[in-house]
Amino acid sequence: MVGVRRLEILGGVAVAGLLASLTLVLADLGFAPLAALRTLPAANVDVIPATSALFSFTSLGLVFEGIFLTAALLVALASLSRPSDEKGAAVFFGLLLLATLGMTLAAIAADLIFLLLAVEVVGISTYLLVGYPRRDPRGLEAAMKFYIVGALSTALSFFGASLLFGAYGSTNLVVLSQATGTVGYPALALAGYGLLIAGLGFKLTLVPFHAWAVDVYDGAPTDVTAFLAGGSKKVGLVAFFLLFIGPVSLVVVRPLTCVGGVCPTPFDFAPTLQLALGVVAVVTMTVGNVLALLQREMKRMLAYSSISQAGYMLLGIAVGTAPAIAGATFQVLGHVFMKSGAFLVVAAVAGLGVGPLIDDWRGLGQRRPILATAFALMLLSLAGIPLTVGFLSKFVLFSAAVEAQGYFVWLAVAGVLNSALSVFYYARVLKVMYVDPSPEQVPAPPALPLGGIGYARAAAIAIAVVAIVALGVDPQPVLGGLQSAANHFVLTGP
Amino acid sequence: MFPIISFTLATLLVGTLLTFAAGRWARWVALLTSVVFLGEASIMLLGFTGLPQFGPGGPGFALGESHPWISLGWLTINYTVGLDGISLVLVLLTAFLQIATVIYSWEESKRPSAWFGLVLLTCLGCLGVFVALDILLFFLFWEAVLVPMFFLIAHWGGPRRRYAALKFFIYTHVASVVMLVALFAMAFYSGAASFDFPALYAATHGLAATTQVFLALALFFGFGVKFPVVPFHTWLPDAHVEAPTGGSVLLAGLLLKLGGYGLIRWVVELLPQGISLIAPVLYVVAMVSIVWGSVVSLSQRDLKRMVAYSSINHMGIVLLAIAVHSPVGLMAAVLLMFAHGIVSGLLFMVSGSVHHTYGTRDIPSVGGITPRTPMLATMIMVGSLASLGLPALISFPAEFTALLATWDRLAYWVVIPLVLLVVTAAFYLWMMQRLLFGPSKGGPEVVHDLPFYEGAGMAILVALTVLYGILPGLLVNVIVQSPVTGPFP
């Protein structure tokens, strides 16, 4: 009995806290009905930070805070419906909130070390989250893998940061973005950026730094996976935004100073980085999609699909224009609802006693029509079928790539061909759910309301579904806001 | 003004959703929806009194509606729909084929609510493609057609349905995403003010010739796969042979028309210079499709496969007429699309009925069916004669005008399609000789003639074949209400 109360009290506190934070973030973003709650004066948002600042408030950073809080909120809400005899509720909710704190700090970073430390906070709390049900050997193995890879990625990132510091004498992001390509040791700086792409690429599951993600997503408790895929991994994307939109789009090539008749060779590596990011984006989406096609387990399939989605988001950074940033951010927002939602459904279905294989979902469309419809909607959205947020976010993202012209048009072509490819593995799940006959023996659902799902989890899934459809039909209120945040971000930079 | 187009889309959507939910009443809901849709299409036809002028030199659209949808500064998208003569005729075709398909498949017993719902959804998608006048809405409906058709083939199809459905989906989906990027490029490279058709029209004519050529080629790839043109046609025979009869009717009657319509609306109208410059490519592709479709038809034993290949032949003539790029040619192309929609729908229905009645579609193994099933035999005859271009049936005025337009532009090259028309006539006549006449063989001794509902579905199409065959002016006067098809002397 004590366990029940602990879970509900702790979870309730977590949900209430996240909801309050989200409200405040929305108020600071200038959401009119909440104007009275505004704590951050508009004049302090979107100003170029001082070169000594550790953090600064940009609209885009606030938007990402909102996205992270939404992801955490969905997962915390759904977790209220977990089996009440489960141990470790305090650990779970505590770590969830700690990770969310790290994510929100990363979103407003103005200094590379601050950013990496915030990412590290997220990392450490998520390693523990993956392994918190201590009895589950698969979870522990996943946590161990996650930890080792995470340590490697941290080492690479900090080494990269130290090289950048060596090249420019500062770790402030504004200094970095203005100095890039102008002074002393460009090769050193390029190596630093390369290491940062690798180190942060692990977080964002970019190919070839993706291999850990599938095992970890698969081994972690599914609610935690929902948080990892929909929330914490996007912290890598925020880091990419802060690091690369500056140098890539704000590059100022200054006259080089010649010393004693020896002039340094001009070395503007912004286009190189941009091309590298573009190639990584295309490789990531392609590898993610192809491997997803081959999967037989639901969680692993969704994990690979998550990798390919990271490729689409990175495409927005490679293009680097304000429209592309808006598109990528919209994709991140949509992904919270699609992917976290999908994993929450997977957790619900696993709770009903259905096995991990895709084939185990046979006939779910007949047995649990509402749950199956919700999952189908999330998959259709991931596949980019019209009238869902996934369609519109890709539509905006790819049209932004074409809008930037040049070779970005080919990135858009690679993106649309990939999304054509991705339809197959999602359609296969639909076929299994709706066309294939139910297995003869169906396990009895646990004793929870709504046929074994629980009110809180059902509410979280319903929120995701409503958001997917609402943003897919009328995106203007949200998308307009994202666009204006992106415009400010490109002008003010980090 | 009453927003009749949006209203029609909405009623069709509601009807579709109700059909999915209606269980054993699905066919009645589907029939009611189809009747309402036909009524709305008739209202559009009656309310269509010519085109308003949209702006300086731009095309006008009747019954147009435009509402802001997405506005991001660099990206402006409105919900814009409207009709001109070309789209109106194809909307009518959609309404006719929808009701004929619903009636023909009245006794569908395998999950009827899903079947009728998917049929209506396919028609809704086609209607949307024909009335949409902005890139997002157009693409949304374009994609919306694929999904129900995939399931119609994959769930109700023949033995190799999985393979056929997947092949259909891969070919058309890849083509459509390439088309989407080309549409984006057209909007952004021309600096159009929005994704609306009129805004594009005002901007794209100023694109450099090379850009127009690249865009026209990319779009031609996107639309050509739907046509289908050789060498991207191989999905079509498989899809048709495996598809259920109703699916084939919609596939040949409507889905193939999306390609032709898209080519006229988004390439011919927007990139006139591009289409003129790539015309030689289109001529070659069209001629090869005409020859290939016809010759391969001649060698088919399977009735349905034969009809499928003859579709490639007919759509080749449509492409030829579009490539000619004259008002007469484009008018003929639209008329021929309508004609082919009706006639191929009829022919796929008779193929399906031959299969139900005699247990096979293999032409040599069935013979002398006229005394056993006179109704079915009559339908086969009408469909075949219409398809081979007998005067007073619907294909004749269309093909005649198409060849006339080809003569104007290509002179003696018209001999190629002309000779192939003879081949087409030959394979239809040979098929009829073997199937309809001669001694009875194959199939059971005593068979029932067409069930009432199958006969009724075909009768609708036969009536249209005769009506518009005798009075093609009813359609032509509508089609010429468009900036590219008329007015001509």
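The values are calculated or read from the model by the stated rules, or taken from the named source; none is laboratory data. Please read all numbers here as calculations on a predicted model, not as lab measurements. Methodologically, a virtual Cβ is constructed for each residue, glycine included, from the backbone with ideal geometry; neighbour enumeration extends over all protein chains shown. Remember, those area values only see protein heavy atoms, side chains included, never the ligands or the DNA or RNA. Shrake-Rupley method; radii C 1.70, N 1.55, O 1.52, S 1.80 Å.
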The simple spin-label model distance between A:V290 and A:A35, using points 7 Å out along Cα→Cβ, in nm, is 5.5 nm
The percentage of the accessible area of segment B:4-479 (probe 1.4 Å, all protein chains present) made up of carbon and sulfur atoms, to the nearest whole number, is 72 percent
Under the Karplus relation with 6.51, -1.76 and 1.60 and θ = phi - 60°, whole-Hz ³J(HN,Hα) for segment B:181-191, x at Gly and Pro, equal 4, 5, 5, 4, 4, 4, 5, 7, 6, 8, x
Note: segment B:4-479 at 37 °C, 0.692 mPa s; Kirkwood Rh on alpha carbon pairs; Stokes-Einstein D in µm²/s works out to 148 µm²/s
Taking every residue of A:419-431, the Cβ atoms of other protein chains inside 10 Å of its Cβ average out to 3
Quick calc of log₁₀ I(q)/I(0), the protein assembly as shown, Debye, one scatterer on every Cα, no solvent, q values 0.04, 0.08 1/Å, result -0.22, -0.81
For the protein assembly as shown, the dipole about the Cα centre with charges only on Cβ (Lys and Arg +1, Asp and Glu -1), to the nearest 20 debye, works out at 1480 debye
Rounded to the nearest 100 Å², the accessible area hidden between A and B, summed over both chains at a 1.4 Å probe radius, is 2800 Å²
Once the dipole of segment B:4-479 is set up from charges on Cβ (+1 Lys and Arg, -1 Asp and Glu), the residue from the list B:F214, B:V295, B:Y201 lying farthest towards its positive end is B:V295
To the nearest 0.05, the calculated FRET efficiency linking B:L467 and A:T272 through their beta-carbon distance, R0 being 60 Å, is 0.35
Taking every alpha carbon pair in chain A and sorting the distances into 10 angstrom bins from 0 up to the bin holding the longest one, the percent per bin comes out as 4, 21, 31, 26, 12, 4, 1, 0, 0
Within segment A:70-107, the residues whose backbone N lies under 20 Å from a label point placed 7 Å from the Cα of A:V466 along the Cα-to-Cβ direction are A:70-81
Computed for segment B:4-479: size of charge dipole around the Cα centre, +1 on C-beta of each Lys and Arg, -1 on C-beta of each Asp and Glu, debye to nearest 20, value 980 debye
Checking rank on A:135-145, B:74-84, B:218-228, with mean other Cβ inside 10 Å and highest first, the result is B:218-228, B:74-84, A:135-145
In debye to the nearest 20, the charge dipole size for segment A:291-440, taken about the Cα centre with +1 at each Lys and Arg Cβ and -1 at each Asp and Glu Cβ, equals 140 debye
Inter-chain shielding metric for B:185-196, i.e. average beta-carbon neighbours from other chains within 10 angstrom, reads 2
On the formula 1/(1 + (r/R0)^6), with r taken between the Cβ atoms of B:S6 and A:A447 and R0 of 60 Å, the FRET efficiency rounded to 0.05 is 0.80
With label points set 7 Å from each Cα along the Cα-to-Cβ direction at B:L474 and A:L19, the distance between them in nm comes to 6.3 nm
At R0 = 41 Å the Cβ-Cβ FRET efficiency linking B:V284 and A:A211, nearest 0.05, sits at 0.25
Largest-first semi-axes in Å of the equivalent ellipsoid built from the Cα gyration tensor of segment A:58-187 are 35, 19, 8
Expected integer from the mean partner chain Cβ neighbour count at 10 Å over A:393-400 is 5
Measure of exposure for A:E403: accessible area at 1.4 Å probe, Å² rounded to 10, is 60 Å²
Simple SL model, points at 7 angstrom along Cα→Cβ for A:S52 and B:V295; separation in nm is 8.4 nm
Expressed per residue, the solvent accessible area of chain B in Å² (1.4 Å probe) is about 32 Å²
Projecting the Cα atoms of A:S81, A:G480, A:A161 onto the charge dipole of chain A, where Lys and Arg contribute +1 and Asp and Glu -1 at Cβ, the residue farthest towards the positive end is A:S81
In deg cm²/dmol, rounded to the nearest 500, the helical mean residue ellipticity at 222 nm of chain B, built from -39500 (n - 2.57) for every DSSP H run of length 4 or more, is -23500 deg cm²/dmol
